[in-house]
Amino acid sequence: MISKHCCEQSDGGEGVEVVRNEPDTHPEHGLGQFTEKRIYLSSKLPSWAKTFAPRIFYVTEKAWNFYPYTITGLCMTLSIRIETRFEDNNGSNDIVFGDSPTPAENVSFLDILTDPIPEKHYKESEDLSRWRSSKTNRGPLEKGWRDHHKPIMCSYKRVHCSFEVYGLQTRTEDFIHRSIKDILLVGHRQAVAWLDEWHGLSLEEVREYESTMQEKTNSKVKSGQCNTGKSVSFRPGFLRSLSVTDEQSLKKMGMTTAAMSDSSASSVPHSPSRHNSTPE
């Protein structure tokens with residue numbers, strides 16, 4: 001259902017373009033699938049970030065899916081790494097990744113039933129308090145469902161984010177963590193709400209479905225870019241590189257540093273955050 005989600009989020013030259021989707025093998029986790037995607041998101045950036053980004057802005061996502069373990073990395077000026085492990089429990093495992101427990105203040109439990117989502121993403125058909133699966137006779141979910149609903153699965157996410165640019169690090173990393181929470185919450189709500197579309201499919205049928213959706217998604221992204229009717233213009237190169245890290249150089253570029261975060265605080269990367277969501 002990730003393919004369908006990507007297609008829904010793509011339009012007007014923005015969204016997710018699939019570059020590669022092919023089998024892969026991991027020495028520890030065995031057979032799996034590798035995907036490479038370009039995520040175009042210029043219009044989704046906050047106003048303060050658009051000042052520094054090019055007019056056509058995208059990040060490259062590379063993901064290795066060796067169910068029940070996956071790794072996702074996003075490459076640009078910043079570094080994002082997301083590890084995923086699926087377990088048949090309600091989020092009760094504190095050492096799911098085999099090392100020391102994540103500090104409690106860095107753990108976010110996402111409830112696909114009760115947690116609020118951005119209004120623009122709300123659909124009544126994906127409201128799990130009203131949802132019903134005709135194939136499995138499951139739903140709707142009720143308050144406290146995580147403690148009594150069977151079957152249940154938790155998707156554990158360990159998120160590492162680093163953006164080591166003076167004056168922008170803390171603000172950017174906070175924005176990314178908030179955005180990832182929204183993406184995970186919406187995506188896992190949809191995975192349950194669309195249960196009747198994927199339940200019972202064979203692996204071959206899943207790959208065929210992915211291929212169809214990826215062609216449709218890529219077409220939407222590319223057609224939107226071609227039909228803008230405007231020539232592509234980029235902002236000055238120094239604004240795109242974001243390679244300046246000292247206050248003196250920033251001032252020479254005409255940037256004020258008075259409102260920027262304290263350098264002693266911004267020089268320390270945030271601790272990784274683990275997000276747990278519990279779709280059925």
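In the condition set (1) at pLDDT 85 or above; (2) of a type in the set (Gly, Ala, Ser); (3) outside any helix (DSSP H, G or I), GLY167 is compliant with all but (1). Only a single item in (1) at pLDDT 95 or above; (2) outside any loop (DSSP other than H, G, I, E, B) is not met by ASP147, and it is number (1). Taking every residue in the stretch 170-192 that is within 18 Å of ARG81 (Cα to Cα) and pairing it with any residue that is of a type in the set (Ser, Thr, Tyr), at least 6 positions away or on another chain, the pairs with Cβ-Cβ distances below 6 Å are THR170/SER261; THR170/SER266; HIS177/SER273; LEU184/SER277.
Looking across the stretch 159-171, just one residue is surrounded by fewer than 20 Cβ atoms within 10 Å (Cβ to Cβ) and within 23 Å of TYR67 (Cα to Cα), and that is HIS160. Per the conditions (1) surrounded by fewer than 16 Cβ atoms within 10 Å (Cβ to Cβ); (2) in a strand (DSSP E or B); (3) modelled with pLDDT of 90 or more, the sole criterion not satisfied by THR60 is (3). The residue that is surrounded by the fewest Cβ atoms within 10 Å (Cβ to Cβ), among those in the stretch 172-197 that are of a type in the set (A, V, I, L, M) and under 29 Å from SER162 (Cβ atoms), is ILE183. For the stretch 191-205, enumerate the residues that are farther than 24 Å from ILE112 by Cα and part of a helix (DSSP H, G or I). Passing the criteria: LEU203, GLU204, GLU205.
The values are calculated or read from the model by the stated rules, or taken from the named source; none is laboratory data. Here the structure is a predicted model, which means the values were calculated and not measured. Counting neighbours? That spans all protein chains shown, and the Cβs are built from the backbone with ideal geometry, glycine included.
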